[in-house]
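Quick notes on the structure that follows.
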Amino acid sequence: MSFFGFGQSVEVEILLSDAESRKRAEHKTEDGKKEKYFLFYDGETVSGKVSLALKNPNKRLEHQGIKIEFIGQIELYYDRGNHHEFVSLVKDLARPGEITQSQAFDFEFTHVEKPYESYTGQNVKLRYFLRATISRRLNDVVKEIDIVVHTLSTYPELNSSIKMEVGIEDCLHIEFEYNKSKYHLKDVIVGKIYFLLVRIKIKHMEIDIIKRETTGTGPNVYHENDTIAKYEIMDGAPVRGESIPIRLFLAGYELTPTMRDINKKFSVRYYLNLVLIDEEERRYFKQQEVVLWRKGDIVRKSMSHQAAIASQRFEGTASLGEKSVQSWAFD
């Protein structure tokens with residue numbers, strides 16, 4: 001970024017110390033596009049240098065101080081004027097003075113806590129970024145670069161299956177089962193649908209993956225449902241006693257881990273929606289929440305605290321393994 005004023009301009013650049021070796025991850029931007037950013041995890045050190053390049057070597061640049069910040073913040077789109085910071089670290093790089101030649105300043109934020117995963121949704125954005133600032137009397141010179149944070153979790157020890165009977169009295173009675181209630185983002189949902197009673201003419205059955213984003217609190221709560229996937233599991237009329245297998249691969253869809261009450265600002269939950277459509281185009285559906293989590297190939301020591309937090313989230317999930325009989329919702 002360049003700054004022009006009183007005969008001098010400077011270009012500021014933030015360079016990470018491990019930029020050549022650090023992995024990058026795709027992340028959706030606010031306008032829906034995908035871009036690649038440097039990938040970090042909870043507890044990792046963020047270091048590098050701030051480079052200042054003077055455009056006019058024969059002229060000096062006066063300033064009121066130079067600093068670098070590491071910031072984690074949540075922005076609610078309906079309240080864009082307020083940024084809610086949950087991480088805010090500052091390093092002073094230079095005291096007030098003047099710069100007579102191009103130079104670079106080293107910085108290091110050691111073992112930075114990054115408790116939440118980066119997220120861009122319909123009504124909210126959670127981002128991490130570095131911001132370098134040259135303070136000036138009239139206009140500051142500011143440069144920002146975003147990074148992406150992924151939250152890794154350990155495999156949940158208790159992962160009961162989901163079994164449920166649903167039906168409409170004297171018309172339809174089925175039993176469905178999913179092999180687990182918690183899935184990592186590259187997992188496979190395996191299950192089956194068993195028809196105990198069929199007295200309506202069903203022509204189609206599918207499973208939808210629904211993401212529900214909740215922002216705000218109290219009377220200012222906003223819910224945004226997004227159908228991530230539609231997976232057909234049956235085309236044609238079933239008969240009593242028929243069993244339909246389910247095998248749904250999650251790797252091909254844009255999913256995030258389940259997020260619950262992030263900084264008391266928003267939540268992201270996922271549901272499997274079993275949908276039946278009859279010959280009169282009436283829809284019968286039953287939703288069941290599942291927990292999604294990001295699996296790491298190697299769990300690093302620096303992530304142990306974050307993994308413990310994730311495990312507590314899983315322990316707080318209601319047990320889904322008990323069989324029950326419920327009614328369909330239909331429209």
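The values are calculated or read from the model by the stated rules, or taken from the named source; none is laboratory data. Bear in mind that the values here come from a model prediction, so they are computed numbers and not experimental data. Cβ atoms come from the backbone with ideal geometry, glycine included; neighbour counts cover every protein chain shown. Ligands, DNA and RNA are excluded from the accessible area calculation, which covers all protein heavy atoms including side chains. Shrake-Rupley method; radii C 1.70, N 1.55, O 1.52, S 1.80 Å.
Laid out as a table, the results:
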| read-out | value |
| --- | --- |
| Qualifying residue in region 239-254 (condition: in contact (Cβ under 8 Å) with a residue 60 or more places away in the chain, of a type outside the set (A, V, I, L, M, F, W, C) and surrounded by 14 or more Cβ atoms within 10 Å (Cβ to Cβ)) | no |
| From ILE200, ILE228, residue being in contact with a Cys (Cβ under 6 Å, 6 or more places away or on another chain) and either without any contact (Cβ under 8 Å) to a residue 24 or more places away in the chain or hydrophobic (A, V, I, L, M, F, W, C) (or both) | ILE200 |
| Looking only at region 48-77, and only at residues there that are polar (S, T, N, Q) and surrounded by 15 or more Cβ atoms within 10 Å (Cβ to Cβ), the one that is nearest to LEU93 (Cα to Cα) | SER51 |
| Subset of region 46-83 (residues that are more than 33 Å from the chain's Cα centre (by Cα) and free of Cβ contacts under 8 Å to residues at least 24 places away in the same chain) | ASN58 |
| Residue that is modelled with pLDDT of 95 or more and not in a loop (DSSP other than H, G, I, E, B), where the choices are TYR128, TYR116 | TYR128 |
| Options ASN82, ASN123: the member that is within 30 Å of VAL221 (Cβ to Cβ), open to solvent by 40 Å² or more (accessible area, probe 1.4 Å), out of contact with any Cys (no Cβ under 7 Å at 6 or more places or on another chain) and at pLDDT below 95 | ASN82 |
| Matching residues, region 216-254, being in contact with a Ser or Thr (Cβ under 9 Å, 6 or more places away or on another chain) and more than 18 Å from GLU289 (Cβ to Cβ) | TYR222 |
| Residue in region 209-228 that is in contact with a Gly (Cβ under 8 Å, 6 or more places away or on another chain), part of a loop (DSSP other than H, G, I, E, B) and either surrounded by 15 or more Cβ atoms within 10 Å (Cβ to Cβ) or of a type in the set (A, V, I, L, M) (or both) present | no |
| Members of region 179-196 that are basic (Lys, Arg) and either open to solvent by 50 Å² or more (accessible area, probe 1.4 Å) or over 24 Å from the mean Cα position of the chain (by Cα) (or both) | LYS186, LYS192 |
| From TYR284, TYR222, residue being in contact with a helix residue (DSSP H, G or I) (Cβ under 9 Å, 6 or more places away or on another chain), farther than 24 Å from GLU26 by Cβ and aromatic (Phe, Trp, Tyr) | TYR222 |
| For GLU30: the one exception among (1) under 26 Å from GLU113 (Cβ atoms); (2) among the acidic types (Asp, Glu); (3) free of Cβ contacts under 8 Å to residues at least 40 places away in the same chain | (3) |
